[in-house]
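Below: one structure, written as structure tokens.
Read-outs: derived from the displayed coordinates by stated rules, not from any lab. What you see is a predicted model; the values in this text were computed from it and never measured. Positions of Cβ are backbone-derived with ideal geometry, glycine not excepted, and every protein chain shown enters the neighbour counts.
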Amino acid sequence: MSKNHKAAPMVDEVSEFEILELAVRELAIEKGLFTQEDHNAWTDYMHTLSPIPAARLVAKAWLDPEYKKLCIEDGVKASLEVGIDWINQMPTKFGTPSDYCNLRVMADTPTLKHVVVCTLCSCYPRPILGQSPEWYRTPNYRRRLVRWPRQVLAEFGMQLSEEVEVRVVDSNQKTRYIVMPERPKGTEGWTEDQLTEIVTRDCLIGTALPKPGKTANDKRYVRPAVNPYGH
Amino acid sequence: MSKPHYDLEHHVKKATGIGDPQCFKGEAGKAKFKVGDKVKVRDISDLFYTRTPMYTRGLEATVVRLVYETPPAEDEAWDNTENVEWMYSVLFKQKDLWPEYSDTFSSDTLETEIPEHGLEPA
């Protein structure tokens with residue numbers, strides 16, 4: 001190491017929100033509202049969440065009309081059958097990583113397509129859907145989806161005819177939403193496991209449609225790097 | 001001056017094993033609106049009540065579901081859970097929200113939740 005070398009921080013910038021979170025967390029621990037252990041337990045729990053339970057919920061509903069009715073009537077109760085207890089499963093036993101315990105399952109029909117957004121910030125049914133994708137939290141998606149839903153959906157590769165009513169759901173209060181898309185053609189005779197595989201996270205937000213053989217979210221279009229590092 | 005007493009466990013006691021908003025069930029009294037009612041979003045001050053989107057203010061909608069009872073979340077931020085009210089899921093026509101919305105897709109809609117204090121009969 002040359003003697004001119006100056007120690008520099010590994011990370012140049014920490015965002016103000018990161019500093020705010022740290023400060024509030026440390027104050028809360030100091031005041032005894034929760035312990036560092038509680039915080040660790042919560043963080044560990046958050047990392048176990050994924051969209052798989054929600055995918056299974058949709059697959060079950062496709063196979064069982066009675067269960068579908070329950071999903072539409074009481075999403076929290078329906079979640080129990082796919083192993084998600086919105087009320088008792090959380091390390092705190094009263095709050096969820098989505099703040100609240102109200103889930104609505106928005107069922108599409110051949111003439112109705114739902115798509116979910118939170119224009120306020122990023123409300124998302126985390127207990128059953130895991131962490132939201134980055135684009136879901138961007139002001140771009142949030143402000144444009146409510147106003148130009150068809151254009152935004154087209155960017156996701158979904159073009160819908162005028163016979164289909166597009167219904168944007170703005171998650172601005174205590175309800176969290178998932179979309180139950182129509183069961184696609186070509187899945188006749190499939191098992192619940194097979195059907196679960198094609199209900200991707202984007203299908204559950206409403207920005208994609210399930211398709212036989214398609215088990216992953218579409219890649220988002222990104223501009224290629226003009227000056228790629230190391231080439 | 002004596003130290004003020006804050007019952008920091010109040011909400012925990014109430015919601016544990018029941019859930020929120022479920023823990024406020026039955027506290028709002030009779031609902032002012034029913035499914036199918038035409039309502040109008042009141043353009044009230046957004047100084048404290050920030051959750052009703054600006055783009056819905058002053059516009060007409062139809063009640064599609066009485067979803068749950070709750071105090072306004074903005075009140076809860078100040079530890080005030082006294083004014084429990086009904087929350088309504090209401091449906092807007094996109095054409096009403098955005099005048100330039102395409103006539104071709106005039107059946108498109110938007111659904112969101114508005115608390116009872118934010119609505120008046122249309």
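Observations
- Tabulated pairs, the stretch A:25-41, first without any contact (Cβ under 8 Å) to a residue 24 or more places away in the chain, second in a helix (DSSP H, G or I) and exposed (fewer than 14 other Cβ atoms within 10 Å of the Cβ), C-beta under 6 angstrom, 6+ apart or interchain: A:Ile29/A:Gln36
- Test: residue in the stretch B:95-114 that is of a type in the set (Lys, Arg) and in contact with a strand residue (DSSP E or B) (Cβ under 7 Å, 6 or more places away or on another chain): no
- The condition of being touching a His at 6+ places or on another chain (Cβ under 7 Å) and closer than 16 Å to B:Ser89 by Cβ holds for only one of A:Val179, A:Val117, that being A:Val179.
- With respect to (1) aromatic (Phe, Trp, Tyr); (2) within 12 Å of chain A (Cβ to nearest Cβ); (3) farther than 30 Å from A:Met90 by Cα, the lone exception for B:Tyr49 is condition (3).
- Inside the stretch B:46-76, residues that are in contact (Cβ under 8 Å) with a residue 40 or more places away in the chain, of a type outside the set (A, V, I, L, M, F, W, C), within 19 Å of B:Ala28 (Cα to Cα) and surrounded by fewer than 17 Cβ atoms within 10 Å (Cβ to Cβ) make up a count of 2.
- For B:Asp20, the conditions (1) of a type in the set (D, E, K, R); (2) out of contact with any Cys (no Cβ under 8 Å at 6 or more places or on another chain); (3) surrounded by 17 or more Cβ atoms within 10 Å (Cβ to Cβ) all hold with the exception of (2).
- B:Asp75 vs. criteria of a type in the set (Asp, Glu) and closer than 15 Å to B:Pro115 by Cβ: yes
- Check on B:Leu119, more than 12 Å from chain A (Cβ to nearest Cβ), within 19 Å of A:Ser171 (Cα to Cα), buried (at least 16 other Cβ atoms within 10 Å of the Cβ) and touching a residue at least 12 places away in the same chain (Cβ under 8 Å): yes
- Selection status of B:Asp79, more than 10 Å from chain A (Cβ to nearest Cβ), acidic (Asp, Glu), surrounded by fewer than 18 Cβ atoms within 10 Å (Cβ to Cβ) and in contact (Cβ under 8 Å) with a residue 40 or more places away in the chain: yes
- In the stretch B:89-107 there is at least one residue that is outside any strand (DSSP E or B), in contact with a Phe, Trp or Tyr (Cβ under 6 Å, 6 or more places away or on another chain), facing chain A (nearest Cβ under 9 Å) and without any contact (Cβ under 8 Å) to a residue 40 or more places away in the chain.
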